[in-house]
Structures are given as C-alpha cells and as structure tokens.
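What follows is calculated from the coordinates using simple rules that are stated; it is not laboratory data. Bear in mind the structure is a predicted one, so any value in this text is a computation, not a measurement. Here the Cβ positions follow ideal geometry from the backbone for every residue, glycine too, while neighbour counts run over all protein chains shown.
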C-alpha cells in the first residue's frame, strides 16, 4: 500500500466520522403543525354578534390553567355548525337574548390534557367549585372525563344565553374561595349569562338538562336554549345543559388536533 493511499483512506475515515457526528448533533426537524380542513371557520367570521368566552384559553376552568392547544381565544367550527348558530342568534336577538359560547372545536391535545389532570388525584385545586360532590377518582367512571370528545370533530359547541343589553359580570378573582357551581347564581363564579341553575362545566347531576330539581326561571332558560337550537338541527347532550352537536356532522369519525388559532385556518375564505 502506498503512502498516498494510506493518507487518502485516513482522510476518508475522518470525513465520515465528522459527518456522522454532525448528523447526530443536529436538532431534529420540527414536525409542521396540523391545520384545519377548509370547511372549518371562525364563528366570528360567520356571526360577529355572538359573544365568546373561551374558558380553556384562561385559567377559569376546571383544570385551573390554560389548556393545551388553545393558542388564541377563538371559537372554530365547521361551517354548517357556525351557520346554524348564526340562525339561532338571529332568532334569539329578536327575543332580547344573545348566545355566548364557552368552547367550540377542541383539539385532541386538549382532551389529553383533561385526561392527565383527571389521573392526577392529588390535584384538587378546583374541586370546591367544579365537582364538590364527586370524588376525583370517579370522573372517568361517571362520564365527566373521557379520552375522546365530540368537540374534536368540529360540530359541537358549549354555550349559554345572555340577556340583552349585556351587563358586565363582576370580575373573576382566582384567589377568592369559590362557591360550588350549583350555588345560587349571585354566589357562584361570576358570569354574564342568565341563570341556568348551575355554572358551566359543573360536574353534578344538577347539570342534566331536564333534571326535575331545576324549575322556574332556570328551567325556562334551559328550555329556551334547547328548543331554539334543536329547531335548527342541534342535538343536546342530556347530561350537560350547555352541550350541543350539529347534525349531521361533517366529520363524524375524525378527531382533529390542530391548535385553536387563526394560523390553523390560514388561507381559508
């Protein structure tokens, strides 16, 4: 073997080692974020008069912190569901009410966040308000938390009614001892909505839409919301007065995971 050949092989070996080390140290290329199908829209683009109070973008929810995947306080829905809400809003405005949405499309990563929270039995920061009568170990068995949500399919919405003209609610103070979510309206967490008998996301059987213990004005408010939406193609979840799904669903078998942000709808019209 000549000296020149030996040198050449040495250089080749050194170059190969350098390339291997460089590849090993290079950062992994980030996977692009999923985006929404073209039939998803912001509710504001379809009806800017509907009030939005997107709770999972804030700490004012049963988890006690902003939920994964909520990059902006937006209601995103499939276009047919958004148009049906627009029709409901037109009807309700003539009666002196407005819709207010708490949650719309919910990414799968948010549902995963709920599951992690429910499995952490030591985290009971929000128990006194959201599930005072339910042991946290029962949240899965009792159906309050699940590994999949219809919200992730894009046609389900959580909402309530607000009497017009809108009167500002008193500020929410996270440090103030909370009242149970089924306490009288003036005592529980502040909300500009009409009295539905419980607050939003109240893990209690009193949240069942037609619970016989809910009567008078509270029952009338629930029925106004229910009857208005069901007349336009929505179906209520019997266990939650605030939960409605527009039927037929555009994506009945797909659970999306794009973030709640305008960027997820970039390029949509």
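Applying 1/(1 + (r/R0)^6) with r as the Cβ-Cβ distance of residue 91 and residue 257 and R0 = 30 angstrom yields a FRET efficiency of 0.35. Note on the range 38-261: Rg/Rh from Cα positions, Kirkwood definition for Rh, rounded to two decimals, is 0.93.
With contacts taken as Cα pairs under 8 Å and at least 6 residues apart, the chain reaches a relative contact order of 24 percent. Scoring 200-212, 142-154, 66-78 by mean Cβ neighbours within 10 Å over their residues and listing the highest first yields 66-78, 200-212, 142-154. Highest average first, the peptides 31-40, 256-265, 177-186 ordered by how many other beta carbon atoms sit within 10 Å of their residues are 256-265, 177-186, 31-40.
Per-residue ellipticity at 222 nm, computed for the chain from helices alone with -39500 (n - 2.57) per DSSP H run of at least four residues, works out to -8500 deg cm²/dmol.
For the chain, DSSP calls about 85 percent of its internal beta bridges antiparallel. Here the simple spin-label model places points 7 Å from the Cα toward Cβ, and for residue 140 and residue 170 these points are separated by 3.9 nm.
When peptides 99-106, 134-141 are sorted by average Cβ neighbour count within 10 Å, with the highest value leading, the order is 99-106, 134-141.
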